[in-house]
């Protein structure tokens, strides 16, 4: 087992569940069970949550450096990190993580759902509504976009285009 | 015998305090409106008919309250089948559209508080799952906790909710019952902790308590009662009467209310009643019981560990298999 796999195993043992997520598309529902499990694991356990966050950051650093082409794995770990920041209450960081998650995997609808609720928690209700009322269109536009990174500007541009599609 | 089904609970028409609230929005959430207006509760959320939104906001302003709208909920034309995420809908579901002051159909979900900042903070975590483009999306689970704090729920009840409000695994009311000590010669629950009528006008709380004798909940509900007593004593009297009626509970929003008296006999319970009323969760028709007609024809039920026997005087009308999470409860 290489070092990355070993670190992932260690994190999963620490969490009590797998970091591997089922990818969902437009025909599937988003399941909040993952957010439920994380809450049960870390509720009122800030120190343990910080430990898990650090572990996830280390894993992501190694995954990105290794350049092994497993973008889904990177995406899942950015999603996990984003969810942990969400529980911590750092919505600015969770937004960043979910955009990174979507950058590495354009196929997974999960990233858009997690992103929009982070945006709402941050207090930007208008953008939240723009996403949720145009979720399917935004998803398709990003999936077919030739760009690799979902930045804030790109996200706003996609949403703007989605709103104009009838 | 003729069916004894009736509307035991009638709307409450305030004589003085909050009459304007009733005139705009009926009485279903009247006590929570009063609790916030009287300074006991920091915030409540409500639904108001879209064509009355401005009237509602103006009325709240007179009571020193700010209103922040979320989206509009419109009654669906079709059932839940085919909705992506429909199986996770546990409460009344509706189609969601963006709020606009020129839209006059549907109901607006609103957050009401003494300050706009408090209402906006609650809105961040107060998403209610509407169906948008044939998709129902629940919020991240921790948002239930954060929203509960905004609403002023006791910490013990919030923590209990965190553990047990997963309807795939638990029946929250049944877990609450298990967490309620049985005290000799007393009813099982305190009427201050009776949450079952919280969307039916007569309730002093609007949260799921961790126990039907939760001391934090009782303290809060007593404050609500005391404050309302100063301004609208009739409501307090009617609420206490309604909240002390025994219930046969199937799940949180699925229960029978009895105008009667419950007694314990060893491990069994009996309810003698003159009238009964069935409250069902309209978003989950699959959970509705199919034997209420028999209850309506009878005047006595006996609840044992595995069975419910419905009787009319001395005749047995029907015997039902009882699910483990179903229970009878009385309040004092």
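The values are calculated or read from the model by the stated rules, or taken from the named source; none is laboratory data. Predicted model only: the values in this text are computed from it and were never measured. Cβ atoms come from the backbone with ideal geometry, glycine included; neighbour counts cover every protein chain shown.
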- [ ] Sort out for me the helices (runs of 4 or more DSSP H) sitting completely within region A:48-161 that have 2 or more residues that are under 11 Å from the mean Cα position of the chain (by Cα) and within 24 Å of residue A:28 (Cα to Cα).
- [x] A:71-88, A:91-104, A:110-122
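Working only within region A:41-99, note down all residues that are within 14 Å of chain B (Cβ to nearest Cβ) and in contact (Cβ under 8 Å) with a residue 60 or more places away in the chain. Please lay out each step first, then the result.
Taking region A:41-99 first, the residues within 14 Å of chain B (Cβ to nearest Cβ) are A:41-46, A:49, A:79-80, A:82-92, A:94-95, A:97-98.
Correct list: A:80 only.
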TODO: Please find, within region B:101-133, the residue that is surrounded by the most Cβ atoms within 10 Å (Cβ to Cβ) out of those that are free of Cβ contacts under 8 Å to residues at least 24 places away in the same chain and within 14 Å of chain A (Cβ to nearest Cβ).
DONE: B:124
Task: Options B:93, B:53; residue that is modelled with pLDDT of 95 or more and touching a strand residue (DSSP E or B) at 6+ places or on another chain (Cβ under 8 Å) - done: B:53
Open item on the list: Checking the conditions here, which among B:137, B:176 is away from every other protein chain (no Cβ under 12 Å) and at negative phi?
Closed with: B:176
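Taking residue A:84 as the residue in question, decide whether it is over 27 Å from residue B:69 (Cβ atoms) and at pLDDT 95 or above.
yes
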Open item on the list: Quick check on my filter: what residues within region B:145-173 are surrounded by fewer than 16 Cβ atoms within 10 Å (Cβ to Cβ), out of contact with any helix residue (DSSP H, G or I) (no Cβ under 6 Å at 6 or more places or on another chain) and not in a helix (DSSP H, G or I)?
Closed with: B:166, B:167, B:168, B:169
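Strands (runs of 3 or more DSSP E) wholly in region B:217-332 with at least 2 residues that are within 24 Å of the chain's Cα centre (by Cα) and under 30 Å from residue B:19 (Cα atoms) - which ones?
Values: elements: B:247-251, B:254-265, B:268-279, B:300-303, B:307-312, B:315-321, B:327-329.
Output list reads B:254-265, B:268-279.
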- [ ] Restricting attention to region A:113-155, report how many residues are farther than 19 Å from residue B:126 by Cα, buried (at least 19 other Cβ atoms within 10 Å of the Cβ) and within 13 Å of another protein chain (Cβ to nearest Cβ).
- [x] 5
TODO: Would you please list the contacts, defined by Cβ atoms under 8 Å and residues six or more apart or on different chains, that run from a residue in region A:132-155 that is more than 23 Å from residue B:137 (Cα to Cα) to a residue that is in a loop (DSSP other than H, G, I, E, B)?
DONE: A:145/A:106; A:154/A:145; A:154/A:147
